[in-house]
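Here is the structure we will look at, set down as structure tokens.
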Amino acid sequence: MQDNKTFRAETAQWLEANCPASLRTPITSAEMVWGGSQLAFDNEDQRLWFERMRERGWFAPGWPAALGGGGLNARQARIVEEEMARLGCRQPQYNLGIWMLGPVLLELGTEAQQREHLIPMMQGRLRWCQGFSEPNAGSDLASLKTSAKLDASGENYLINGSKIWTSDADKADWMYALVRTDSSARKQQGISFMLVDMKSPGITVKPIELIGGKSGFCQVFFDNVSTPVRQVLGAVGEGWNVAKKLLQHERAAMSKFTEGGAPSHDALAVARPCLQALAGQAQAQAPLQSGAGAAQAAVLRERLATVLMDAQAFGLTHVRVKEQAMAGQDISGPASIMKLLQTEQEVAKYELLTHVLGQRGLSWQGDEFSADEHAICRSWLLSKSYTIAGGSSEVQLNIIAKRVLGLPG
Ligand SMILES: Cc1cc2nc3c(=O)[nH]c(=O)nc-3n(C[C@H](O)[C@H](O)[C@H](O)COP(=O)(O)OP(=O)(O)OC[C@H]3O[C@@H](n4cnc5c(N)ncnc54)[C@H](O)[C@@H]3O)c2cc1C
């Protein structure tokens, strides 16, 4: 077995040679390449990078090579991630299936389920959406009502009901969904985790318009949608436990946006406009030490120092939690803590940035301001939504209180 130092050097060399320079810059949401039947590239570099990483199995370096992964051990897989981050390489494919469903399929899926779903994901042919939330079941997810009943043959479930806030359901090929297979059992116990082909007859997808216009959200309706029994992941009635595992992966992915999730600005990028603002103030309001200007400067300095220190502390803690995960320790508690911290810190960072940029920080489109300024405004708004997605901040606090601190309910 190759030693880690040599493996790191060879990985860096390969990435330098194969990741096009244009894809070693910060990515915007619009530039993300999503896998699936609607896979499309904006340019030749994106296609090349996608194909090279696919051939190497590095969409998921730690998955078994027989299922399309890279076949690396946990330490080597982490080295690939670290080197990609260090060299600024973009993710070649974005796919909920890889971050969230895949690890659960590897742990609990039958061999047939793994072959059916993981291999096409590794080829970039399958895009997944998440069918958990319902109109009356968000934070209280176990109240979900979408039902799945066995048909007369006993070989298929018939699904009826509706899912809401399903991100990109209109572009997804498959959905992993929570459905109620037993309405007489206690809330959490009658739920099963099912893999549903979005092309099945009886599925209607309606995009949801928000106050700002078109959104990625959809509502999905199920009208007697037939799904084979073999598409239940884990045991029937055990879906709640499967979902908890999946949510742990979702929260882990959301707790470090820069490694797979939404694009983010580095905390240091926030510092520059803050320092410029402070310098501008110093020139305009000398001496800065007195009056309102001084107070404002002090507040700005403190906010900037907090953002930078929080980012630094988060980065170090993130490394520790990754090591715990690699050592096989249970990180369900840390995943909630990290999700809460990261999403709240993102909001604080973008609020500081928009505050300092003033009107420029609120620009959404048009030629008057730069694309980067539009991106900051969009990221600011998006950062708020991530404190809700994957379980709101209040829900994470409840989980931490109960499961990490052992406080009474
Ligand atoms: C960007 C984004 C993407 C999403 N994508 C998906 C997706 O792909 N698939 C999917 O299934 N869902 C998705 N969701 C939905 C998301 O999971 C829910 O919005 C979330 O779980 C909250 O549920 P809710 O909207 O029904 O709010 P509610 O549960 O009604 O909560 C309303 C408010 O009450 C608070 N609250 C609720 N219960 C408690 C409590 N016990 N203690 C303290 N406070 C509480 C909440 O924190 C929140 O502030 C997405 C949401 C967002 C924002």
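The values are calculated or read from the model by the stated rules, or taken from the named source; none is laboratory data. On a predicted model such as this, the values are computed, not experimentally measured, just so you know. Reconstructed Cβ throughout: ideal geometry from the backbone, glycine too, with neighbour counts over all protein chains shown. Note: accessible area is taken over every heavy atom of the protein model, side chains too, but ligands, DNA and RNA are not part of it. Shrake-Rupley method; radii C 1.70, N 1.55, O 1.52, S 1.80 Å.
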Leaving out ligands, DNA and RNA, what percent of the accessible area of the chain is carbon and sulfur, probe 1.4 Å?
54
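Taking the Cα centre as origin and putting +1 on Lys and Arg beta-carbons and -1 on Asp and Glu beta-carbons, what dipole magnitude results for the chain, to the nearest 20 debye? Write out the running numbers ahead of the final one.
Numbers: 41 positive and 42 negative charges, 137 e Å.
So the dipole magnitude of the chain works out to roughly 660 debye.
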What nm value, rounded to one decimal, do you get for the distance between L87 and R230 when each label is placed 7 Å out toward the C-beta?
4.0
About the Cα centre, charge dipole magnitude for the stretch 291-338 (Lys/Arg +1, Asp/Glu -1 at Cβ), debye:
140
From the phi of every residue in the stretch 360-377, what ³J(HN,Hα) in whole Hz does the Karplus formula 6.51 cos²θ - 1.76 cosθ + 1.60 yield, where θ is phi - 60° and glycine or proline is x?
5, x, 9, 6, 10, 7, x, 8, 5, 10, 6, 4, 5, 5, 4, 4, 5, 4
Taking amide hydrogens as modeled 1.01 Å from N in the peptide plane, which residues meet the under 5 Å criterion relative to T181, leaving out close sequence neighbours?
A148, I191, S192
Test of understanding: what is the full-extension gain from A305 to K244, defined as 0.36 nm times their sequence separation minus their Cα-Cα distance?
18.4 nm
Rounded to the nearest 500, what is the 222 nm mean residue ellipticity of the chain from helices alone, with -39500 (n - 2.57) per DSSP H run of 4+ residues and division by all residues?
-14500 deg cm²/dmol
Quick one: which residues, 5 or more positions from N156 or on another chain, have an amide H under 5 Å from its amide H? H modelled 1.01 Å from N in the peptide plane, none for Pro or chain starts.
D151, V229
Log entry: pair-distance distribution for the chain, C-alpha pairs binned every 10 Å from zero, whole % per bin is 4, 19, 29, 26, 14, 5, 2, 0, 0
Ordered by residue, what ³J(HN,Hα) values in Hz, to whole numbers, does the stretch 27-35 give under the Karplus form 6.51 cos²θ - 1.76 cosθ + 1.60, where θ = phi - 60° and Gly and Pro are x?
8, 9, 4, 5, 8, 5, 9, 9, x
Springs between alpha-carbon atoms under 10 Å, Gaussian network over the chain: tell me which of E368, E302, E323 tops the mean-square fluctuations.
E368
Once phi is turned into ³J(HN,Hα) by the Karplus curve 6.51 cos²θ - 1.76 cosθ + 1.60 with θ = phi - 60°, what whole-Hz value does each residue of the stretch 346-354 show in order, with x for glycine and proline?
4, 4, 4, 5, 6, 5, 5, 5, 5
Taking the chain as a Gaussian network, Cα atoms linked when under 10 Å apart, which of E351, E155, E81 shows the biggest mean-square fluctuation?
E155
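Between A17 and D266, what length in nm is gained on full extension when 0.36 nm per residue of separation is reduced by their alpha carbon distance?
Details: separation 249, 0.36 × 249 = 89.64 nm, distance 2.52 nm.
Result: 87.1 nm gained on full extension.
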Order the peptides 383-392, 269-278, 57-66 from the highest to the lowest mean number of other Cβ atoms within 10 Å of their residues.
57-66, 383-392, 269-278
